[in-house]
Amino acid sequence: MEKTKSPEESRKLLDKITFDLTRSIVKRDELTHFWYFLLIMFAAVGLWGWGIQIRDGLGVTGMRDYVSWGMYIANFVFFVAVSLIGFLISSTLHLLKISWSKPISRVAEQIAIAAVALSGLIIVMDMGRPDRFLNVFLHGRFASPIIWDVTVVTTYLTISVLLYYIPLIPDLALLRDRGSDDIPKWKMQVYKIMALGWKGNAEQYKLVYHAMRVLMILILPVGLSIHTVTSWLFAATLRSGWDTTIFGPYFVAGAFVAGSAAVVILMYAYRVRYRLSDYFEELHFDYMGKLLVFVCLVYLYFNINEFWVPAYKMKTAEGIHLRNLFIGSYAPMFWSAQILGLLLPIFLMLFRYFRKPVPLTIISVFVLIASWIKRYIIVIPTLEHPFLPIQNVPEHFKHYSPTSTEIMITIFSFMAALLIITVLAKMFPVITIWEYAEEKGIDKKFLAEPKK
Amino acid sequence: MENKSRRNFVKKLGVSIGAAGLVGGSSILSSCNQVETASGDTITLLTSSGNLVEVDKSQLKPAEMPSLSENQKRGRAGLPNRKWVMVIDLSKCRNARECMKGCQNHHQLRPEQHHINVLQMQDAEHTAPYYMPKPCQHCDNPPCTKVCPVNATFKREDGIVLIDNERCIGCRFCIAACPYSARVFNWFEPRDAEKYEGVTYNIEANVPQKKGTITKCLFSADRLRDGKLPTCVSSCPNGVYWFGDQNEDAVTNGTTHETTVFSKLIKDNAAYTIMEELGTKPRVYYLPPKDRAFPFQGEIEDNHS
Ligand code: SF4
Ligand code: SF4
């Protein structure tokens, strides 16, 4: 927190902050429309693909009896992974009183909400009988890791939404009271309702702090379990490649890598699009870069454990699986994910220059793509190598390649996630105004002042 | 009750019909109710083993099908005091694949869907290759039922692992969990879906099959209820299969109809179960392929290409 300012200074600064941070809400130009059009169009095409899949059966995908989980499940794991960033940035770093992460926490929360919502949807899209989804609740058995997953995904979504919403309330009140005339009427109406009659007195703030703290603590076990349980979907089976004891921490470590990269990309997008370079500063990118290096190193350590130890032994089935990854048909994917998505980024980000906004964002794009590929090669190669030979089935049962319907639905999931993020950014400030003002030493009483 | 009328019906036809959806539509049967005396009129029916038969309409009696809920209830309970086991004699298998054919007809399966699959095996580089029929192992510690989120696949008292096609949500977790690749999914509309339309679902035969759900070997639970051997066991021309009740300690050969002591059979022949190290405790025992009755013909495919 900076030193207290004079009322005049405070008011001026607050005006500027409010103006800058509501730019995303006010801004409506051709590009916005085009972006919406793009997202909705791709999402609609994906939904149409899902319609085809429901009509004709899951046979329209590239999956068959051996590789019975394909791109959808890989994508599901990816989204669960990305969503974990909410846990890391808006909770863990806060609780550790690391203040530089404050402006980023809403970005992380946006990503978390979009990703976890989509991960839930993808699972339904992967089901052979989505019409029977209710059976999960009617006949759910707690012995099945899927039920654990359903439980934690819903809990995590709920907590994430609350963790997004509760710090938003003072902002909503601020917008209600001080919002500029450029903000459309209906949005102002929404703010009024959602602000829940916030007055901004000390008691209310205490309530918000308290609620946030509770949520941040609550999200710790839930966040950890969401990805651990997802890893158990695999680790609970007897298959080589999945039958390992470190899958839980391995997945969690990988999740931080994917999520941090996503946050950097989104930060950069906001910085450029909404001219927020005073808010998402070089310093933030620098710290995010350092954070990314750190989580990458942890992930690298797990990768070494995950591959080195079995590769040393080369047990029969394990050996076939590993050889396929190292020198077989998945080698290009495996090595590009490891080298371009992990080793090279770690090396580059050690230099200050590569932690500047533009280079860091480019690196993050690579890291994010690699972490998607990584999920793909966790799911599919294992299934291509069952214990017993694959015989007496058509040739296309033996190898998996996604069909266009599958790709359409996968693209849908990305577009839908981006759509959620875009709508959130268009509706609400991308940085918590009151927290930011507080950081800048503006007294809370100015926040409650009506617009002159 | 229903058993009796069906038995008569079966006798008249001279074909074996399982308890399951025996004809292409119960509506045909009910319409035949009124034509008991008329004759000369024939009608084509589909038996549960997949054969088309012509029957005089006067021969037809409406089968009293147990209702869906009744089917489900008895299907989940299983046959009391039984412990079904299968013994497969590898030295006798010559890859005739009659078991596969019979099974596919019985369970409404497409040609690429195998409840039982005859694999060409070779254990090490220079050992003798052999044929290994592989049904579901009906594990006593089944990984597949543990992971099912909705209890659509379950193990019943008599040791059979079944699937409830009416409940399965198609998540395919059980496929991922089964180390024997014994499970099959209905990726598309099942074979002959129209013919089976309107037939009451029989959980013990898993017929009619449903798009988007799992299917797998059931030890022909419907035939066991009728006191018959599983389809694969009866279809084998080479005496490969023995099937019976562990509680009675007796197994019967499907080809020779000879009955023998189960425990002695597996002891004398050093029977084994596959992938015993996984701890799944299969109920299918294999007799090693020694003193083979035939030469191995064919090529060993690359197991893990
Ligand atoms: S063989 Fe597979 S499907 Fe059959 S009981 Fe065992 S695990 Fe389940
Ligand atoms: S696919 Fe069906 S039977 Fe298999 S685990 Fe899922 S719900 Fe259970």
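For the range B:161-169, the criterion of a residue being within 16 Å of ligand 1 (Cβ to nearest atom), in a strand (DSSP E or B), away from chain A (no Cβ under 14 Å) and within 13 Å of the chain's Cα centre (by Cα) is satisfied by at least one position.
Just to be sure I understand, how many residues within the range A:39-69 are in contact with a Lys or Arg (Cβ under 9 Å, 6 or more places away or on another chain) and either under 22 Å from residue A:421 (Cα atoms) or among the small types (Gly, Ala, Ser) (or both)?
Going through the range A:39-69, the residues in contact with a Lys or Arg (Cβ under 9 Å, 6 or more places away or on another chain) turn out to be A:56-59, A:63-69.
Then keep just the ones that are either under 22 Å from residue A:421 (Cα atoms) or among the small types (Gly, Ala, Ser) (or both); that gives A:57, A:59, A:68.
Total satisfying the criteria: 3.
Would you mind stating whether residue B:124 is more than 23 Å from residue A:72 (Cβ to Cβ), within 11 Å of another protein chain (Cβ to nearest Cβ) and away from ligand 1 (no atom under 16 Å from the Cβ)? In short, yes.
The residue pairs whose first member lies in the range B:217-245 and is more than 24 Å from residue B:294 (Cα to Cα) and assigned to a loop (DSSP other than H, G, I, E, B), whose second member is of a type in the set (Phe, Trp, Tyr) and open to solvent by 10 Å² or more (accessible area, probe 1.4 Å), and whose beta carbons are closer than 6 Å, counting only pairs six or more residues apart or on different chains, are B:219/B:84. For the range B:185-199, taking the residues that are more than 10 Å from chain A (Cβ to nearest Cβ) and not hydroxyl-bearing (Ser, Thr, Tyr), the one that is surrounded by the most Cβ atoms within 10 Å (Cβ to Cβ) is identified as B:199. Residues that are closer than 19 Å to residue A:91 by Cβ, open to solvent by less than 50 Å² (accessible area, probe 1.4 Å), within 14 Å of chain B (Cβ to nearest Cβ) and assigned to a helix (DSSP H, G or I): does the range A:265-280 have at least one? No; the residues of the range A:265-280 include none that is closer than 19 Å to residue A:91 by Cβ, open to solvent by less than 50 Å² (accessible area, probe 1.4 Å), within 14 Å of chain B (Cβ to nearest Cβ) and assigned to a helix (DSSP H, G or I). The number of residues in the range B:149-184 being more than 21 Å from residue A:378 (Cβ to Cβ), among the aromatic types (Phe, Trp, Tyr) and open to solvent by less than 10 Å² (accessible area, probe 1.4 Å) comes to 1. Total residues in the range A:137-152 satisfying the condition of being within 23 Å of residue A:219 (Cβ to Cβ) and touching a Cys at 6+ places or on another chain (Cβ under 9 Å): the figure is 1.
Is it true that residue B:129 is crowded, with 19+ Cβ neighbours inside 10 Å and more than 15 Å from ligand 2 (Cβ to nearest atom)? No, not satisfied.
The single condition among (1) modelled with pLDDT under 95; (2) within 16 Å of ligand 1 (Cβ to nearest atom) that residue B:138 does not meet is (1). Contact annotation: residue pairs with Cβ atoms under 8 Å, 6 or more positions apart or on different chains, pairing a residue in the range B:139-158 that is over 18 Å from residue B:275 (Cα atoms) and assigned to a helix (DSSP H, G or I) with a partner that is among the hydroxyl-bearing types (Ser, Thr, Tyr) and more than 8 Å from ligand 2 (Cβ to nearest atom), are B:147/A:237.
In the range B:127-134, is there at least one residue being on the phi > 0 side of the Ramachandran plot and either assigned to a loop (DSSP other than H, G, I, E, B) or within 11 Å of another protein chain (Cβ to nearest Cβ) (or both)?
Taking the range B:127-134 as the starting set, the residues that turn out to be on the phi > 0 side of the Ramachandran plot are none.
No.
Please verify whether residue B:95 is more than 12 Å from chain A (Cβ to nearest Cβ) and more than 16 Å from ligand 1 (Cβ to nearest atom), treating the condition exactly as stated. When the stated conditions are applied, residue B:95 does not pass them. Taken over the range A:17-46, the residue count meeting the criterion of being charged (D, E, K, R) and surrounded by fewer than 14 Cβ atoms within 10 Å (Cβ to Cβ) is 3. Filtering the range B:136-153 to residues that are more than 9 Å from ligand 2 (Cβ to nearest atom) and under 20 Å from residue B:210 (Cβ atoms) leaves only B:136. Does the range A:231-246 hold any residues that are closer than 19 Å to residue A:75 by Cα and assigned to a loop (DSSP other than H, G, I, E, B), and which are they? Within the range A:231-246, A:241, A:242 meet the criteria. Put simply, of A:199, A:192, A:97 the only residue that is surrounded by fewer than 20 Cβ atoms within 10 Å (Cβ to Cβ), of a type in the set (D, E, K, R) and in a helix (DSSP H, G or I) is A:192. Annotation note: of A:134, A:168, the sole residue that is aliphatic (A, V, I, L, M) and modelled with pLDDT of 90 or more is A:134. Checking each residue in the range B:210-258 for being within 14 Å of another protein chain (Cβ to nearest Cβ) and more than 16 Å from ligand 1 (Cβ to nearest atom) picks out B:210, B:211, B:212.
Determine which member of the set A:128, A:140 is part of a loop (DSSP other than H, G, I, E, B), at the interface with chain B (Cβ under 9 Å from one of its Cβ atoms) and buried (at least 22 other Cβ atoms within 10 Å of the Cβ). Before the answer, list the steps.
Numbers: A:140 fails: buried (at least 22 other Cβ atoms within 10 Å of the Cβ).
Only one candidate qualifies: A:128.
Taking the listed residues A:345, A:332, A:357, A:310, the one that is on the phi < 0 side of the Ramachandran plot, open to solvent by 20 Å² or more (accessible area, probe 1.4 Å) and under 27 Å from the mean Cα position of the chain (by Cα) is A:332, with no other qualifying.
Condition test on residue A:116, is it more than 14 Å from chain B (Cβ to nearest Cβ), β-branched (Val, Ile, Thr), assigned to a helix (DSSP H, G or I) and surrounded by 23 or more Cβ atoms within 10 Å (Cβ to Cβ)? Quick ask: steps written out before the conclusion?
Details: more than 14 Å from chain B (Cβ to nearest Cβ): yes; β-branched (Val, Ile, Thr): yes; assigned to a helix (DSSP H, G or I): yes; surrounded by 23 or more Cβ atoms within 10 Å (Cβ to Cβ): yes.
Judged against the criteria, residue A:116 is a match.
Per this entry, residue B:207 is not counted among residues that are more than 14 Å from every other protein chain (Cβ to nearest Cβ), closer than 26 Å to residue B:119 by Cα, at pLDDT 95 or above and more than 16 Å from ligand 1 (Cβ to nearest atom). Among the residues of the range A:361-375, not a single one is hydroxyl-bearing (Ser, Thr, Tyr) and in a loop (DSSP other than H, G, I, E, B). Among the residues of the range A:368-404, count how many are crowded, with 17+ Cβ neighbours inside 10 Å and more than 12 Å from every other protein chain (Cβ to nearest Cβ). Going through the range A:368-404 one residue at a time, the tally reaches 12. One residue stands out in the range A:47-66 among those that are open to solvent by 30 Å² or more (accessible area, probe 1.4 Å) and free of Cβ contacts under 8 Å to residues at least 60 places away in the same chain: the one that is nearest to the other protein chains (Cβ to nearest Cβ), namely A:56.
Restricted to the range B:185-244, and to residues there that are in contact with a strand residue (DSSP E or B) (Cβ under 8 Å, 6 or more places away or on another chain) and polar (S, T, N, Q), the residue that is nearest to ligand 2 (Cβ to nearest atom) is B:213. Screening the candidates A:133, A:78, A:87 for the property of being within 14 Å of residue A:160 (Cβ to Cβ) and in contact with a helix residue (DSSP H, G or I) (Cβ under 9 Å, 6 or more places away or on another chain) yields one hit, A:87. Determine whether residue A:164 is under 16 Å from residue A:443 (Cα atoms), of a type outside the set (S, T, N, Q) and surrounded by 15 or more Cβ atoms within 10 Å (Cβ to Cβ). No; evaluated as a whole, the condition is false for this residue.
The values are calculated or read from the model by the stated rules, or taken from the named source; none is laboratory data. Since this is a predicted model, take the numbers as computed values, not measurements. Quick reminder, even Gly has a Cβ in these numbers, built from the backbone with ideal geometry, and neighbours come from all protein chains shown. Each accessible area value is taken on the protein alone, full model and side chains, heavy atoms only, with ligands, DNA and RNA left out. Shrake-Rupley method; radii C 1.70, N 1.55, O 1.52, S 1.80 Å.
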